[in-house]
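Below is one structure, written out as structure tokens, with a few remarks after it.
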Amino acid sequence: MLYIFSSDSPSIQLSEMINAFCHSYSDFKFVTLDNLPSLKQHDKVLFAWEADICGVDTSILKLIHKAYLSSPKFFSGCKGSILCFSKTIFYTKYFSSHIAFLTNNMGLEFIGKPMVEAIESYNNFKNKQKLNNISLKQLCLEECMNLGTRLKNDKHELHHNPKITAVHASHIDRSNTYALMKLILDNLSIEKSIFSLAEERIMDCRGCDFEQCMNFSNHGVCYYEGDKLKDIFKSLDSSQALLVACPNYNDSMPANYFAMINRMTYIYRQKDFSDKYLYAIIVSANSGFDMVAGQIISAFCFNKGFRLAPNFALMEQANEPLSILNLPHINQSMSKYAKDLEQKLKEN
């Protein structure tokens with residue numbers, strides 16, 4: 001069953017996107033505050049929203065809020081995707097990442113490439129129009145149709161011997177983030193490869209034009225060929241999951257990760273990451289977990305297409321070096337996280 005969490009009064013544009021998304025479904029229901037469903041294992045969920053003048057959709061927030069009051073794990077066992085429309089050039093990824101963060105913490109898994117966004121006049125489809133001789137609007141509706149079909153038919157391949165690629169950007173002798181990552185990896189019985197972005201200089205994207213980038217991509221290389229990222233991408237190619245160990249630096253990911261994401265474009269043009277799960281460890285001395293998590297969701301899930309594992313992020317607060325190891329609940333938290341991660345990679 002497909003359940004649609006939608007704006008109270010969707011615009012013509014959003015209604016057309018929803019209709020295109022649902023073309024392959026014979027059975028779906030719109031969720032209302034007065035008719036909150038009891039979701040079952042393997043149910044599908046669509047969030048279809050549009051930005052108001054403040055960049056949010058209050059009707060969607062009210063539905064999620066009521067769902068949480070019903071059960072903090074309301075979406076467990078379900079898979080989701082997002083449609084969004086904005087009459088301006090703003091807000092589509094901002095609020096979509098917030099929806100994903102909220103509902104993922106309630107157990108919702110998002111399939112790879114889980115979102116179709118449309119801005120005024122569908123101008124965000126102009127680059128894709130260069131490869132397709134159809135209107136911008138039709139491109140949008142075709143993407144909505146494809147997303148609906150992918151969500152309906154989504155099945156993740158079983159791996160008896162899964163592998164995870166873990167990446168960190170920390171000093172291993174004093175980092176709380178690295179210490180927590182090591183605890184988790186030590187509790188996994190699956191194959192793992194660990195890479196540091198802090199050991200050598202990682203060059204950021206050079207900004208090649210599209211044709212240059214495609215030419216490098218067709219040869220499986222980047223303009224900056226010789227650094228650690230080539231080894232990371234090679235490991236990721238044979239992995240079923242990526243674990244990002246990310247400290248909070250000024251309410252943001254470390255610069256090394258932005259360079260990694262930017263440089264991932266050349267390989268993304270040739271390889272599909274939608275069959276690979278995304279996990280994250282986020283450690284902050286104060287607050288800002290949601291800001292970092294939102295950046296990870298936007299960059300790795302929305303932009304590069306990774307699958308967002310349910311409860312993808314383990315978020316812990318720690319300040320003094322290695323003090324995370326002394327938190328009274330840490331062994332229980334990391335043990336559950338590691339168990340759920342391993343089970344997810346083996347069960348699908």
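The values are calculated or read from the model by the stated rules, or taken from the named source; none is laboratory data. What you are looking at is a predicted structure, and each value in this text was computed from that prediction instead of being measured. Counting neighbours? That spans all protein chains shown, and the Cβs are built from the backbone with ideal geometry, glycine included. Accessible surface is based on the protein model in full, side chains and every heavy atom, while ligands, DNA and RNA are left aside. Shrake-Rupley method; radii C 1.70, N 1.55, O 1.52, S 1.80 Å.
Among (1) open to solvent by less than 20 Å² (accessible area, probe 1.4 Å); (2) under 15 Å from the mean Cα position of the chain (by Cα), where does residue 43 come up short?
(2)
Going by what's in this entry, would residue 93 be described as among the basic types (Lys, Arg), in contact (Cβ under 8 Å) with a residue 12 or more places away in the chain, within 25 Å of residue 152 (Cα to Cα) and touching a helix residue (DSSP H, G or I) at 6+ places or on another chain (Cβ under 7 Å)?
yes
Within the stretch 92-133, work out how many residues are in a loop (DSSP other than H, G, I, E, B) and farther than 30 Å from residue 38 by Cα.
5
Among the listed residues 76, 96, which satisfies the condition of being under 20 Å from the mean Cα position of the chain (by Cα) and closer than 17 Å to residue 116 by Cα? Walk me through it before giving the result.
On the way: 76 fails: closer than 17 Å to residue 116 by Cα.
Selected residue: 96, the only one of 76, 96 that is under 20 Å from the mean Cα position of the chain (by Cα) and closer than 17 Å to residue 116 by Cα.
If we keep just the residues of the stretch 127-141 that are loosely packed, with under 12 Cβ neighbours inside 10 Å and polar (S, T, N, Q), which is farthest from the chain's Cα centre (by Cα)?
So the residue we want is 133.
So, in the stretch 69-94, of the ones that are of a type in the set (Lys, Arg) and farther than 19 Å from residue 297 by Cα, which residue ends up surrounded by the fewest Cβ atoms within 10 Å (Cβ to Cβ)?
Quick first cut of the stretch 69-94, residues of a type in the set (Lys, Arg) only: 73, 79, 87, 93.
When the remaining residues are screened for being farther than 19 Å from residue 297 by Cα, the result is 73, 87.
Values: 73: 14, 87: 16.
Ranking the qualifying residues of the stretch 69-94, first place goes to 73.
I'm told residue 214 meets every condition in (1) modelled with pLDDT of 90 or more; (2) part of a helix (DSSP H, G or I); (3) over 20 Å from residue 315 (Cα atoms) except one. Can you identify the failing condition by its number?
Condition (1) is where residue 214 drops out.
Checking residue 258 against (1) surrounded by fewer than 19 Cβ atoms within 10 Å (Cβ to Cβ); (2) of a type in the set (Phe, Trp, Tyr); (3) touching a helix residue (DSSP H, G or I) at 6+ places or on another chain (Cβ under 7 Å), which test does it fail?
If we test residue 258 against (1) surrounded by fewer than 19 Cβ atoms within 10 Å (Cβ to Cβ); (2) of a type in the set (Phe, Trp, Tyr); (3) touching a helix residue (DSSP H, G or I) at 6+ places or on another chain (Cβ under 7 Å), just (3) comes out false.
Would you say residue 64 is under 24 Å from residue 93 (Cα atoms), under 19 Å from the mean Cα position of the chain (by Cα) and without any contact (Cβ under 8 Å) to a residue 40 or more places away in the chain?
no
Hey, can you tell me all the residues within the stretch 111-126 that are open to solvent by 40 Å² or more (accessible area, probe 1.4 Å) and over 22 Å from residue 300 (Cα atoms)?
120, 121, 123, 126
From 62, 29, 73, grab the single residue that is part of a strand (DSSP E or B) and either in contact with a His (Cβ under 9 Å, 6 or more places away or on another chain) or basic (Lys, Arg) (or both). Spell out the reasoning first.
Details: 62 fails: part of a strand (DSSP E or B); 73 fails: part of a strand (DSSP E or B).
Unique residue meeting the criteria: 29.
For residue 169, indicate whether it is open to solvent by less than 40 Å² (accessible area, probe 1.4 Å), in contact with a helix residue (DSSP H, G or I) (Cβ under 9 Å, 6 or more places away or on another chain) and at pLDDT below 95.
When the stated conditions are applied, residue 169 passes them.
Restricted to the stretch 184-211, and to residues that are at pLDDT 95 or above and assigned to a helix (DSSP H, G or I), which residue is surrounded by the fewest Cβ atoms within 10 Å (Cβ to Cβ)?
So the residue we want is 186.
Of all residues being over 17 Å from residue 108 (Cβ atoms) and within 23 Å of the chain's Cα centre (by Cα) in the stretch 46-56, which is least open to solvent (accessible area, probe 1.4 Å)? Just the residue, please.
55
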